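Below is one structure, written out as structure tokens; comments come after it.
The values are calculated or read from the model by the stated rules, or taken from the named source; none is laboratory data. All values derive from a computational prediction rather than experimental measurement. Ideal geometry is used to build each Cβ from the backbone, glycine not excepted, and the neighbour counts take in all protein chains shown.
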Amino acid sequence: MKQIFRAFNWYGLLLYLGIVACYTLGLTTYGQSIFNWLNSRLPSYLLAYPAMHLVLGLPAILWTLSISRMKSSLLKMSLDQFKQLLLPVLWTGPMFLGYGAAQNFSTGLSSSDFWTSCVYAAFFEEVFYRGIFFGMLFRYTRLGFIPSLLLSALVFACMHLYQGKALMETTGIFFITFLAAGFFAWLYVEWRYHLWLIILLHFLMNLSWGLFDVAENALGSGLANAMRTITIASAIITTLLAKKSRGHSLAVNRSTLFLKPLLNSGCPRDLKST
């Protein structure tokens, strides 16, 4: 299996597409039915919701664990990585302060929305869409950042289209969530595949949005997008400064945008850093 994804070929592509389809189509077509069935048999929806994702994502999880180190990256964290978890808290400060001030700091987030829209949404979306669907292509094939991102970002954006009620609104939601997928993927790569950092950032952004009932969907209002833009800009600037201070070049650059060069070992360059 490792040899399949060390060099891009059509067999690997078909396998990848099948795994993506199994999770995303299963979630949109059978997700609610599976959740209802699990919820009727488990003590709480808090167990049923993650169980649904695990059932639908089992092929993707098994495939990923067979060829990568995602398990260790989720279960192990260095001291530096632990310290880096403070960054999403700082980055999202403007969202919490701005949204809170606009709503006089009155909150209206239910317990179920907290778990499903904030905790589980952030965790499973980042594990599957960034860690697996994007990350496995970028890390284990010669595909560069843009081609690795395209399918996962398209699927991620389409999964949010249900929020739109009109054509223009739906189109705006698509572009916002597509760009969000690119933003999270870029941070994931530049912070050396620190998935917990991306999960926490996604969680805090969702939490600030839901806690103060900012908008009905991901499109948001002028204030919402202004605060969100400040958060995104803060994350980008901090990342660039951190790279410069450590003397590290950007992992996403001209040589890794479309097709990564091979090393003498015959492997894509990024395999040497995993």
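I need a count of the residues in the range 91-116 that are in a helix (DSSP H, G or I) and either surrounded by 11 or more Cβ atoms within 10 Å (Cβ to Cβ) or in contact with a strand residue (DSSP E or B) (Cβ under 6 Å, 6 or more places away or on another chain) (or both).
16
Pairs, please: C-beta under 7 Å, at least 6 apart or cross-chain, first residue in contact (Cβ under 8 Å) with a residue 40 or more places away in the chain and under 16 Å from residue 177 (Cα atoms) and in the range 217-237, second of a type in the set (Lys, Arg) and crowded, with 20+ Cβ neighbours inside 10 Å?
Once the first residue is in contact (Cβ under 8 Å) with a residue 40 or more places away in the chain and under 16 Å from residue 177 (Cα atoms) and sits in the range 217-237, its partners that are of a type in the set (Lys, Arg) and crowded, with 20+ Cβ neighbours inside 10 Å give 220/228.
Going through 4, 34 one at a time, which residue ends up being surrounded by 13 or more Cβ atoms within 10 Å (Cβ to Cβ), at pLDDT below 95 and of a type in the set (A, V, I, L, M, F, W, C)?
One residue alone meets the criteria, 4.
Would you confirm, using the coordinates I've provided, whether residue 212 is among the aromatic types (Phe, Trp, Tyr), closer than 23 Å to residue 230 by Cβ and within 10 Å of the chain's Cα centre (by Cα)?
No.
Which pairs have Cβ atoms under 8 Å, sit 6 or more apart or on different chains, and link a residue in the range 240-260 that is among the small types (Gly, Ala, Ser) to one that is surrounded by fewer than 11 Cβ atoms within 10 Å (Cβ to Cβ) and in a loop (DSSP other than H, G, I, E, B)?
Taking only residues 6 or more apart or on different chains, the pairs are 255/261.
Filter the range 73-90 down to residues that are in contact with a helix residue (DSSP H, G or I) (Cβ under 8 Å, 6 or more places away or on another chain) and either farther than 19 Å from residue 202 by Cα or part of a helix (DSSP H, G or I) (or both), then give me how many there are.
Total meeting the criteria: 8.
Could you check the range 190-242 and list, in sequence order, the residues that are basic (Lys, Arg) and at negative phi?
Result: 228, single match.
Which is within 14 Å of the chain's Cα centre (by Cα) and more than 20 Å from residue 45 (Cβ to Cβ), of 140, 120, 129?
129
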